[in-house]
Amino acid sequence: MRKLIRFLSRYKLESIVGPLFKLLEASFELVVPLIMASVIDTGIRNADSGYIYRMGGLLVLMGVLGLVCSLTAQYFAAKAAMGFGTELRSALFAHINSLSHSEIDRLGASSLITRMTSDVNQAQSGVNLVLRLFLRSPFIVVGAIIMAFMIDVRLTLIFLAATPLLALAIYYVMAKTIPAYKAIQNKLDHVSLITRENLSGVRVIRAFSKQEAEQERFQQAGEGLMNMQLAAGRISALMNPATFVIVNLAILALIWFGGFSVDGGRISQGELVALVNYMTQILTALVALANLIISFTRASASAIRINEVFAVSPSIHDSVQSMPAPVKGAPKVAFENVGLTYAGSSEEALSGISFSAMPGETIGIIGGTGSGKSTLVNLIPRFYEATSGSVKVDGQPVQNYPQAGLRGRIGMVPQKAVLFKGSLRDNMRWGKRDATDDEIYEALDIAQAREFVELREGGLDAEIEQGGRNLSGGQRQRLTIARALVGKPDILILDDSASALDFATDARLRRAIREKTQDMTVFIVSQRAGSIQHADRIVVLEDGHMAGLGRHEDLIENCEVYREICLSQLSESEVSAK
């Protein structure tokens, strides 16, 4: 948790005022047993009703002052804890967004979601309890022992004997529960993963009638989580009974030996009652401290998991702040003996890739499943870093560009069409923040999406639901293509982004891109030979290697892999005719 304290820096005042008011409340509480002792020894012994009423009024005043101090402390502690949670959540979100695809793939989306939500909430609750109780409970314990010393030194030895036993019980619970709660949070990651898979893949699950199997898998994961929580809960549950037993045995010893002291005249009856009250205060403080420790152990386990994310440094950094000047006459994009190995993998996903794309050229990329097509185009916007060779844009290595500047020149249309909740206009302006309606409609025209947009009620103001679920697959793909075109990028990457389109719409889309984006360098990744056959050049990939490079006609003659792909989709006469 100490590594996360920096997120309280903006709430120093609240972090100081809250505990101080708790200490003030504790001070009033420590005075109460002395007042009670004087009531017994003076008021009741002398039958002085006036004195009893005055002391009773003082007790009420102490209670009111203590309540005011407690409410004030609660307010400032809650404000500091909520601010801590907000700062931590924002910093964690920003750090996750700074990570490259490699780090996010390694950590896992479900785990990151759990750490952003459950773990941050646990840490926030821990800070709240620490600010309220961390100083108060030890202050009550130490203060009660000091006040007991002032009454009788011998009987206070009972307090001192009980303290090591209480510390031992607390230490045992902490030592056992911190690793247990960390394991629980890891198990929660697994439950979140299953939930995420089922929600995103519900249609597949129902198509294969796997509901019962998935329910059983989720139930097993849930039962595993429950068993781990019960095991940790049983250890945590030992805290209260252990402290109660120790403290009540101490009270029993106090009353036993205190009775002899009262009988011998060394202390008064009121002082013995005060000692019992102080022991009870210690018990109450230690119970609160026990609850604090349980919450703090959970917060510590969550803090460890949060710090694990902060400890992951992004593998892709901006080395410069300004855009480098393009090299005159250089290709728009060039791959020079490029290789890529994913983190944790022993085999190369790409190896020895070399080709270039000139301004205005259209490059088709085709290959079997897992051949490295998406991996190849993801190197251009620097989503992944090439492990060997060099990827250049305008003659400059992509590492020489600031990431925002590089990606601002690239229009990326991923395989999965992702739209966000909001108006259609807002989604289109992701491509260009200040895009006019005319610019949006121009992009919709090229993407073959204008017709269905104008038919929708509201036009550009029509609401898009989360993920675009109120649109068909083809409509989503056309809108994501239009979104990329709105910014008029220098480089357009279509990563198998027309798979849901019929052949006629796909052909019109390619023709519009070719005719209306003449200065744009276009990369088309596709499984369809017909989608890339008219490209200026075609890159054929097989198992991460280049199996061919050239025009359609040349590859039909010289590249066996390309010819097999074409023959699997077209007849011999169609292949020859093309």
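The values are calculated or read from the model by the stated rules, or taken from the named source; none is laboratory data. Please read these numbers as outputs of a predicted model, since none were measured by experiment. Positions of Cβ are backbone-derived with ideal geometry, glycine not excepted, and every protein chain shown enters the neighbour counts. These accessible areas exclude ligands, DNA and RNA; they are computed on the full protein's heavy atoms, side chains included. Shrake-Rupley method; radii C 1.70, N 1.55, O 1.52, S 1.80 Å.
Values (i) 20, 48, 26, 6, 0; (ii) 16, 35, 24, 16, 8, 1, 0; (iii) 22, 57, 21, 0 are given for comparison; P(r) over Cα pairs in 20 Å bins from 0, in percent, derived from the coordinates here, is the one labelled (ii). Amide H contacts of residue 358 (H built 1.01 Å from N, in plane; Pro and chain starts excluded): 332 sit under 5 Å, all sequence-distant by 5 or more or on other chains. Between residue 504 and residue 325, the FRET efficiency from the beta-carbon distance, with R0 = 45 Å, is close to 0.55. Taking packing as the residue-averaged number of other Cβ atoms within 10 angstrom, the listed peptides 433-444, 291-302 run from highest to lowest as 291-302, 433-444. Against the longest principal axis of the chain, how steep is helix 437-446, in degrees 0 to 90 to the nearest 10, with axes from Cα atoms? Approximately 60 degrees, to the nearest ten. How much length is gained if the chain between residue 512 and residue 307 is pulled fully straight, taking 0.36 nm per residue apart and subtracting their Cα-Cα distance, in nm to one decimal? So the extension gain works out to 68.9 nm. Take the Cβ-Cβ distance between residue 346 and residue 315 as r, set R0 to 22 Å, and report the resulting FRET efficiency rounded to the nearest 0.05. For residue 346 and residue 315, the calculated efficiency is 0.75. What separates the Cα centres of region 175-216 and region 60-75 is a distance of 45 Å. Residues whose amide H falls under 5 Å from that of residue 542, counting only those 5 or more places apart or on a different chain, are 547, with hydrogens built in the peptide plane. Amide H contacts under 5 Å for residue 471: none, restricted to partners 5 or more places along the chain or on a different chain, H placed in the peptide plane at 1.01 Å from N.
Surface analysis of region 400-460 yields an accessible area of 54 Å² per residue, using protein heavy atoms and a 1.4 Å probe. Of interest is the spacing of the C-alpha centroids, which for region 379-426 and region 236-303 amounts to 64 Å. Couplings for region 522-539, taken from phi via the Karplus curve 6.51 cos²θ - 1.76 cosθ + 1.60 with θ = phi - 60°, read 10, 10, 10, 9, 8, 8, 8, 5, x, 7, 10, 5, 8, 5, 4, 8, 10, 9 Hz in order; Gly and Pro are left as x. Considering only the chain, what is the antiparallel percent among its DSSP beta bridges, to the nearest 5? Here the share of antiparallel DSSP bridges comes out near 50 percent. Accessible surface area normalised per residue over region 193-342 is 55 Å², counting heavy atoms of protein chains with a 1.4 Å rolling probe. Scoring 117-130, 506-519, 193-206 by mean Cβ neighbours within 10 Å over their residues and listing the highest first yields 117-130, 506-519, 193-206.
Looking at region 1-147, the accessible area is 50 square angstrom per residue; that uses a 1.4 Å probe and ignores ligands, DNA and RNA.
Using just its DSSP H runs of length 4 or more, each adding -39500 (n - 2.57), the chain gives a mean residue ellipticity at 222 nm of -20500 deg cm²/dmol after division by all residues.
Surface composition of the chain: carbon and sulfur make up 58 percent of the accessible area, probe 1.4 Å.
Put simply, when 211-217, 386-392, 536-542 are sorted by average Cβ atoms within 10 angstrom per residue, most first, you get 536-542, 386-392, 211-217. Between region 494-516 and region 109-155, the alpha-carbon centres lie 62 Å apart.
Indicate, rounded to the nearest 5 percent, the antiparallel portion of the DSSP beta bridges found entirely in region 452-569. For region 452-569, the DSSP antiparallel bridge percentage is about 50.
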